[in-house]
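What follows is calculated from the coordinates using simple rules that are stated; it is not laboratory data. Bear in mind that the values here come from a model prediction, so they are computed numbers and not experimental data. For neighbour counting, all protein chains shown are included, and Cβ atoms are generated from backbone atoms with ideal geometry for every residue, glycine included.
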Amino acid sequence: MAVIQHRAMSSLALATLQRIQTRQARIGIIGLGYVGLPLAVEFARAGFDVTGFDVDERKNAAINAGDSYIPDVAAADLAEVVRAERFRGTADMARLQDMDVIDICVPTPLRKTKDPDLSYVVKAVEACAAALRPGQLVILESTTYPGTTDEVVQPMLEEKGSPPGPTSSWRSRPSGSIPGTTRTPPRTSRKSSVVSAPRARKRQRRSIRTPSIPWSRSARRGSPKW
């Protein structure tokens, strides 16, 4: 059975990789702030079909009208990909099921204790879990502490959304900027390992309660909303 599951995963992963290489993959970006919107526009300019997901309908309306609210995104570039129908914004999280790749770019503002507030990440992962299907690639782009993917994201996807067997994959790739500083967090990109449900719940509670992020101590408190 393990061999069959491994082959199924390899086949699905290969199909997703081929769709990415041929620019046929449908890209979903959750969180259209200072990280998500520039990333979405660049994907669209590269020829991908991109859907941006944000709970703020004002942002979705601005995007669909071709109006940029992020200094790093030129209004002309945004308007071009919107007119070409390669990028649109929506608050309908059910459409995540149609995506081949889901990139989570929500904020992780710092609490008074200097640890990141993962509530936006948790909500985004819940939305992914509710719409997850075999073969999707889920990426955590949000700036956070090492271990978030293994200890928070993976258990939630396994327990709430992922079907039995390793048919979906998730990776971490922290964004390269911290608001208010010139420092950058360590970049990682690694596939998660399988963890049992009871152990995953214990690790999830521990990681939310006592995270460690030494590289973020000089970061300005708070981050832009999605």
(message) Translational diffusion coefficient of region 1-135 at 10 °C, 1.306 mPa s, Stokes-Einstein with Kirkwood Rh over Cα pairs, in µm²/s as a whole number.
(response) 100
(request) Rank these for me by crowding, VAL101, VAL121, going from fewest to most other beta carbons within 10 Å. (result) VAL101, VAL121
(request) Take the alpha-carbon centre of region 10-86, take the same for region 111-131, and report the distance between them in whole Å. (result) 21
